[in-house]
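Down below is the structure, laid out as structure tokens.
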């Protein structure tokens, strides 16, 4: 397997599950926003020149949630996914998809406005609006974690690879977590995992 990767990107969540599952993979590393990601050679792999892309034999995937689901279905042997007849399964699906549906849209805005754009092209009103929206999305996660260690209960699931990673990225973008104590503990719990540390530092 080959993973096209950049630090502080969605590719980390793919590297994380690969590490948790103990799978061997090669890394092709980019810097976030690197010009070579928009060259024809890479655009042939990822049509909009972003990361991650995963190549597994003849299979190529370039959407992080789809990659995580693919790896779970093919290689996890049931790890990190509650049984479909479990009461936890519906909650698992909700928190798995919460990342891309609710948290990542304002994160995308913040990354563009504060990381990728030159200072003279940034719009402060967009930054403030995205920060306010992101905080609202994170409050819901904080409340959900009031009585549990992980998003679905006492055991880690693949929802952590998606929404857990998005929560970590929110903190790294400077979102104040002082009023979200459950998230602070949750982030510490996830970041302490050897697999996450390895995935973050490729």
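This table checks each residue for (1) within 24 Å of residue 87 (Cα to Cα); (2) at pLDDT 95 or above; (3) touching a strand residue (DSSP E or B) at 6+ places or on another chain (Cβ under 9 Å).
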residue: 130; (1), (2), (3): no, yes, no
residue: 150; (1), (2), (3): yes, yes, no
residue: 158; (1), (2), (3): yes, yes, no
residue: 162; (1), (2), (3): yes, yes, no
residue: 170; (1), (2), (3): no, yes, no
residue: 174; (1), (2), (3): no, no, no
residue: 194; (1), (2), (3): no, yes, no
residue: 200; (1), (2), (3): no, yes, no
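Residue count for the stretch 62-84 satisfying the condition of being touching a strand residue (DSSP E or B) at 6+ places or on another chain (Cβ under 7 Å) and under 18 Å from residue 29 (Cβ atoms): 2.
Summed over the stretch 30-47, the residues that are part of a loop (DSSP other than H, G, I, E, B) and at pLDDT 95 or above give a count of 5.
Scanning the stretch 49-61 for residues that are in contact with a helix residue (DSSP H, G or I) (Cβ under 9 Å, 6 or more places away or on another chain) and either under 15 Å from residue 9 (Cβ atoms) or crowded, with 17+ Cβ neighbours inside 10 Å (or both) gives 49, 50, 51, 52, 53, 54, 56, 61.
Filtering 179, 185 for residues that are modelled with pLDDT of 95 or more, over 21 Å from residue 100 (Cα atoms) and not in a helix (DSSP H, G or I) leaves a single hit, 179. Taking the condition closer than 27 Å to residue 193 by Cβ and touching a residue at least 40 places away in the same chain (Cβ under 8 Å), does residue 9 pass? Considered against the rule, which asks whether it is closer than 27 Å to residue 193 by Cβ and touching a residue at least 40 places away in the same chain (Cβ under 8 Å), residue 9 comes out as yes. Looking across the stretch 113-154, the residues that are assigned to a loop (DSSP other than H, G, I, E, B) and on the phi < 0 side of the Ramachandran plot come down to 117, 118, 122, 123, 148, 149, 150, 151, 152, 154.
Surrounded by fewer than 21 Cβ atoms within 10 Å (Cβ to Cβ) and closer than 20 Å to residue 107 by Cα - does that describe any residue in the stretch 14-24? Scanning the stretch 14-24 turns up no residue that is surrounded by fewer than 21 Cβ atoms within 10 Å (Cβ to Cβ) and closer than 20 Å to residue 107 by Cα. Just one residue in the set 141, 112 is at pLDDT below 95, outside the structural domain of residue 13 (by TED's automatic domain parsing) and either loosely packed, with under 13 Cβ neighbours inside 10 Å or closer than 24 Å to residue 7 by Cβ (or both); that residue is 112. Note on the stretch 144-198: residues that are surrounded by 22 or more Cβ atoms within 10 Å (Cβ to Cβ) and closer than 16 Å to residue 72 by Cβ total 11.
Specify which of the listed residues (71, 93) is farther than 18 Å from residue 152 by Cα and surrounded by 15 or more Cβ atoms within 10 Å (Cβ to Cβ). Of the residues listed, the single one that is farther than 18 Å from residue 152 by Cα and surrounded by 15 or more Cβ atoms within 10 Å (Cβ to Cβ) is 71. Does the stretch 63-82 contain at least one residue that is within 19 Å of residue 7 (Cα to Cα) and outside any helix (DSSP H, G or I)? Yes, there is a match, as at least one residue in the stretch 63-82 is within 19 Å of residue 7 (Cα to Cα) and outside any helix (DSSP H, G or I). Does residue 87 count as farther than 26 Å from residue 131 by Cα, modelled with pLDDT under 95 and out of contact with any strand residue (DSSP E or B) (no Cβ under 7 Å at 6 or more places or on another chain)? Considered against the rule, which asks whether it is farther than 26 Å from residue 131 by Cα, modelled with pLDDT under 95 and out of contact with any strand residue (DSSP E or B) (no Cβ under 7 Å at 6 or more places or on another chain), residue 87 comes out as yes.
The values are calculated or read from the model by the stated rules, or taken from the named source; none is laboratory data. Worth saying up front: this structure is predicted, and the values here are computed from it rather than measured. No Cβ is skipped: glycine too gets one built from the backbone with ideal geometry, and neighbour counts run over all protein chains shown.
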